[in-house]
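Report on the structure given below.
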Amino acid sequence: MNANILIVDDEPNVRLMYRSALDNSAYNIHEANSGEDALNQCLSRTHDVAILDLRMPGGMNGFELLQEMVNRKIKTPVLIITAHGDRPNAALAMRLGAIDFLKKPILPDELRNIVSDILIRHGPEESKGMPRDCDYYLRCAKRAINLRDFVAAKRDLVKALDLDSNSLQAINLVSVMLEMREEYEVTHS
């Protein structure tokens, strides 16, 4: 079955570049030129990954789209495309569950690799036979964080840190998870 990928950017040439980088018969690529268009597509079709630019002038920007996706319980994993100056928005996006980021300019291999990782992480349980190393538990923790399953995320992060106590990615994910869990509990109580 082909994965549905949603590319959200207001610039046609950027969407074309991402589409070209992901041109693969295993992907059905859908495009949105605005947050509103992307939200409508998310409501009418399930996507396996949404590639989202935070800065889109006019109308709903990427951050507002991400907030609306959370409000409407759209569980599509989101890859944030950010420029260096977007750090405050990127931190807010992480609290909303977007934990995958690429900084502009993007290399096609980087985009392909991170989309592949997200699809593996959120795909069917193909983990049988996969080595249970730190990367495996980080992937499981990211999936759990995306789904706001903080108990599973904590369990997987503990296992990752047991295997590599110096893993900066695991340490950063712990702080992201704690912030998200606190905010989630406040808004859902």
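A few comments on the model shown:
- When +1 charges are put on Lys and Arg Cβ atoms and -1 charges on Asp and Glu Cβ atoms, the dipole computed for the chain relative to its Cα centre reaches about 380 debye.
- Calculated diffusion of the chain, Stokes-Einstein form, Kirkwood radius summed over Cα pairs, 25 °C and 0.890 mPa s, µm²/s: 145
- In Hz, Karplus ³J(HN,Hα) per residue of the stretch 76-83 (6.51, -1.76, 1.60; θ = phi - 60°; x = Gly, Pro): 5, x, 10, 9, 8, 9, 9, 8
- Degrees between helix 35-44 axis and first principal axis of the chain (Cα, 0 to 90, nearest 10): 70
- Every helix of 4 or more DSSP H residues in the chain counts as -39500 (n - 2.57), and over all residues that averages to -17000 deg cm²/dmol at 222 nm.
- Under Karplus coefficients 6.51, -1.76 and 1.60, residue-wise ³J(HN,Hα) of the stretch 7-12 in Hz, glycine/proline x: 9, 10, 7, 7, 9, x
- Restricting the calculation to Cα atoms, every distinct pair contributes to the Kirkwood radius of the stretch 128-189, found to be 11.7 Å.
- Legend: residue pairs Lys103/Lys142; Lys104/Lys154; Lys75/Lys104, Cα-Cα distance threshold 23 Å; pairs beyond threshold, Lys104/Lys154; Lys75/Lys104.
- Taking amide hydrogens as placed 1.01 Å from N in the peptide plane, the amide H of His30 sits under 5 Å from those of Ile5, Leu6, Ile7, each at least 5 positions away in sequence or on another chain.
Each value in this text was obtained by applying a stated rule to the coordinates, not by laboratory testing. Everything quoted here is computed from the prediction, not taken from an experiment. So basically every Cβ, Gly included, is an ideal-geometry build from the backbone, and we count neighbours across all protein chains shown.
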